[in-house]
Amino acid sequence: MLSIINSTQLLKTYDAVKTSFWFTPCLILLGTLFTCALLLSIDLYSDLHRTHWLHFLYHSDPDIIRSLLTTIASSVMTVVSITFSITIVALTNASSQFGPRLIRNFMEDISTQVVLGVFISLFVYCLILTRMTDNFAEPAFLPGLSIAGAAMMTLFGILLLIYFIHHVAQNLQSDHIIDNVYSELQNSIEKIFDQQKEKESTTQDDHIATKSASPLLLKSPQCGYVQTINYDQLTALMSKLDGYLEVLVAPGDFVVNRKTSMRSTIKELSIVDEKSLHDCFTFGSKRTPIQDPEFAVDQLVEIALRALSPGINDPYSAIACVDKLTAMICDLTQETFPQGIAFDREGVKRINYKVTSFEGLANTAYDQIRQYSPNCLAVCLRQLEGLACIAEQAREPSHWAFVRHQKHMIEHGLKQQNFIDLDREKINSRLQHLNELLQSDG
């Protein structure tokens, strides 16, 4: 059974594999090689060639069959090059128009990985059969079932190519990309909320392990983005050492060498124990959505900011991002955020760690778009409308505080601009509606 710390490493590895172009094609290639060997064995050791109604499969001209397989193989390689070219064009377009961090979403697309795997596997399959027809030619016997498999794979490949062209054309539409990122954001927040709530025990014991006068500061031995933190393993270690630990960094933070990442009540730690604590942190060269809910929020914000740039000038995409972010914040108003406290099995508080907060996610979603859109009235009006939707569902003081803060900042930015009377009327009507909702807080 894998230890908990290994499971977080596997989670990071799984995320890297999921966003790669090699793993799924390699699996499909291995499956194709196994299928090819199985069909060849059936052709070689069974009596299917004696079956009358399968006569057309096993009694053909070997030269014609080899020519057909060679033609299929060469054609498939041409299709593979076209597929790669389409993929690279899609990645280049996504990077330039929507941001380099969106490349991860395109690489994660299972359809593209399957298409590449199928065409490469079909090429290898035809090469193997081309060689095997030499062995079966002398006794006037051909691997008919294997050749039929090649024909079926070719027909499937043609249909898959048509689907792939349609799929890429659909994926390059900004509305589709924004919706995909929003779906990933919802799944990411849901999983992270579940993980954090599972770590918090229902036992609310006020007892804390013995504290020291001067806490022990643990400094990070690595530099990079914190991708995962194994809170369960940290809790187990502190329970073993009978201490209390405060984690000062969170997934998504950038940590430099010798930065204080933990603070403990234990007076002194052995080298082995200190290394065990640091091993609970997984670092990388980039942020990932594994335990970082702000990652997908930043993706939507980045799409909006690029849409507002003078080079692209696409306010409709920015408005779509504001709508999705508003929907996300409205969902967050119905959530109970975790406290960031972990207890051991005896109910003793062992860890205090940074968690996602409503203010953090909501301000991340609205701040940069608000700062970059004072000259785009349509986006500002949509943000005011979004704040009204959030105010209608607000339940906690933090929700109202967020709405008031953003409303004040947007209103202040709009006052600096010169608008015609009709535009001012639109602004005032939305501000008036928002003020009425804020006055109803009570």
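Just for segment 80-130: of the residues that are of a type in the set (F, W, Y) and over 27 Å from T35 (Cα atoms), which one is least open to solvent (accessible area, probe 1.4 Å)?
F98
Mind checking which residues of segment 419-441 are more than 18 Å from L387 (Cβ to Cβ) and touching a helix residue (DSSP H, G or I) at 6+ places or on another chain (Cβ under 8 Å)?
Scanning segment 419-441 gives F419, D423.
Being farther than 22 Å from F402 by Cβ and open to solvent by less than 30 Å² (accessible area, probe 1.4 Å) narrows it down to one residue among L325, L269; which is it?
L269
Considering only segment 396-414, state which residues are open to solvent by less than 90 Å² (accessible area, probe 1.4 Å), of a type outside the set (D, E, K, R) and within 22 Å of G360 (Cβ to Cβ).
Answer for segment 396-414, where residues must be open to solvent by less than 90 Å² (accessible area, probe 1.4 Å), of a type outside the set (D, E, K, R) and within 22 Å of G360 (Cβ to Cβ): S398, H399, W400, A401, F402, V403, H405, Q406, M409, I410, G413.
Check L300 against each of (1) open to solvent by less than 20 Å² (accessible area, probe 1.4 Å); (2) in contact with a strand residue (DSSP E or B) (Cβ under 9 Å, 6 or more places away or on another chain); (3) modelled with pLDDT of 85 or more and name the one condition it does not meet.
Among (1) open to solvent by less than 20 Å² (accessible area, probe 1.4 Å); (2) in contact with a strand residue (DSSP E or B) (Cβ under 9 Å, 6 or more places away or on another chain); (3) modelled with pLDDT of 85 or more, L300 violates only (2).
For segment 387-408, state whether one or more residues are among the aliphatic types (A, V, I, L, M) and more than 36 Å from the chain's Cα centre (by Cα). Steps first, answer last, please.
If we filter segment 387-408 for residues that are among the aliphatic types (A, V, I, L, M), which is where we start, we get 387-388, 390-391, 394, 401, 403.
Next cut, more than 36 Å from the chain's Cα centre (by Cα) only: none.
No; the residues of segment 387-408 include none that is among the aliphatic types (A, V, I, L, M) and more than 36 Å from the chain's Cα centre (by Cα).
Can you name the residue in segment 240-266 that is under 16 Å from P221 (Cα atoms), charged (D, E, K, R) and free of Cβ contacts under 8 Å to residues at least 40 places away in the same chain and is also surrounded by the most Cβ atoms within 10 Å (Cβ to Cβ) among such residues?
D253
Which of the residues belonging to segment 328-349 are open to solvent by less than 30 Å² (accessible area, probe 1.4 Å), at pLDDT 90 or above and either in a helix (DSSP H, G or I) or of a type outside the set (V, I, T) (or both)?
M328, I329, C330, L332, listed by residue number.
So, in segment 415-442, of the ones that are aliphatic (A, V, I, L, M) and loosely packed, with under 11 Cβ neighbours inside 10 Å, which residue ends up nearest to E396 (Cα to Cα)?
Restricting to residues being aliphatic (A, V, I, L, M) and loosely packed, with under 11 Cβ neighbours inside 10 Å, the top hit is L422.
Enumerate the helices (runs of 4 or more DSSP H) found wholly within segment 356-442, keeping only those where 3 or more residues are free of Cβ contacts under 8 Å to residues at least 12 places away in the same chain.
Because the criterion is at least 3 residues that are free of Cβ contacts under 8 Å to residues at least 12 places away in the same chain, the helices (runs of 4 or more DSSP H) in segment 356-442 that meet it are 397-415, 421-439.
Of all residues being open to solvent by 50 Å² or more (accessible area, probe 1.4 Å) and outside any helix (DSSP H, G or I) in segment 135-177, which is modelled with the highest pLDDT? Just the residue, please.
Q173
If I go through segment 22-36 residue by residue, how many of them are open to solvent by 50 Å² or more (accessible area, probe 1.4 Å), of a type outside the set (S, T, N, Q) and not in a loop (DSSP other than H, G, I, E, B)?
So the count comes out to 6.
The values are calculated or read from the model by the stated rules, or taken from the named source; none is laboratory data. Nothing here was measured: the structure is a model prediction, and the numbers come from that model. Because the Cβ atoms are built from the backbone with ideal geometry, glycine has one as well, and the counts that use them run over all protein chains shown. Calculation scope for accessible area: heavy atoms of the full protein, side chains included, ligands and nucleic acids excluded. Shrake-Rupley method; radii C 1.70, N 1.55, O 1.52, S 1.80 Å.
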